1. Taking the stretch 100-120, which residues are over 19 Å from residue 147 (Cβ atoms) and surrounded by fewer than 18 Cβ atoms within 10 Å (Cβ to Cβ)?
2. Considering every residue within the stretch 206-215, establish whether at least one is assigned by TED's automatic domain parsing to the domain that holds residue 97, under 25 Å from the mean Cα position of the chain (by Cα) and modelled with pLDDT of 95 or more.
């Protein structure tokens with residue numbers, strides 16, 4: 001396979017591999033530098049449980065040579081991006097990323113990349129799509145992707161909590177994550193009294209400002225036990241899990257405020273089901289469906 005001729009223009013950052021298009025089919029090419037990690041993941045049966053749990057996009061190994069391994073992942077019909085998600089979708093994507101890191105730690109691996117763009121929604125659920133984001137866990141090492149998780153997930157969600165879901169659209173212009181200093185500057189002063197927000201936002205911003213011109217390899221030598229790392233992940237997970245929007249949108253209680261009669265409500269649901277069944281639809285995309293009530297009522301096998 002002459003994969004380089006079809007290399008996707010957006011796939012250029014990771015030396016471990018890249019995405020190619022083979023006609024209309026998307027494939028992933030693994031470079032030799034990542035072979036040891038990939039083979040170790042396979043030997044540890046790392047992928048199968050994640051495929052079964054629908055946490056990681058499934059793939060099959062299609063080709064293997066000394067130059068490349070080619071994976072054929074399940075094809076995703078519609079890619080969605082962080083700045084397009086609802087608040088609840090963003091939360092689900094963040095929690096999925098933390099679950100993956102915990103799963104990896106159990107097997108002595110770790111996420112090296114916690115970009116929000118490594119998650120999309122497939123068949124109504126968040127799924128991680130970057131198979132090459134896993135690396136060997138180094139004993140007593142901090143989470144390599146911690147800051148990225150904060151700027152891609154934790155910071156945006158906290159901003160949305162205080163300022164509304166529109167804050168998530170900032171990810172469209174901050175594709176490398178919303179800078180922690182910017183997040184800190186937009187939060188109420190009282191958030192400094194929250195241990196979770198102070199530690200993961202304000203203190204990080206303060207340390208960045210203090211040491212921005214002092215970055216050396218020595219700054220990477222901080223030690224963190226695996227249990228301490230698990231405690232950090234648990235703290236972030238619990239905080240994100242309970243986050244809600246302080247500013248409710250007009251859709252929050254939409255159908256309790258409309259003039260739908262119960263029989264009209266039921267009739268509309270039935271008509272939508274009949275219309276979809278009559279068209280033989282297998283995939284549905286809800287655009288502008290108020291709060292999604294009728295989309296959720298569609299038979300689950302569609």
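The values are calculated or read from the model by the stated rules, or taken from the named source; none is laboratory data. It should be emphasised that the depicted structure is a prediction, and the values quoted were computed from it without experimental measurement. All Cβ positions, even for glycine, are placed from backbone atoms using ideal geometry, and neighbour counts span all protein chains on display.
1. Matches in the stretch 100-120: 106, 107, 108.
2. There is no residue in the stretch 206-215 that is assigned by TED's automatic domain parsing to the domain that holds residue 97, under 25 Å from the mean Cα position of the chain (by Cα) and modelled with pLDDT of 95 or more.
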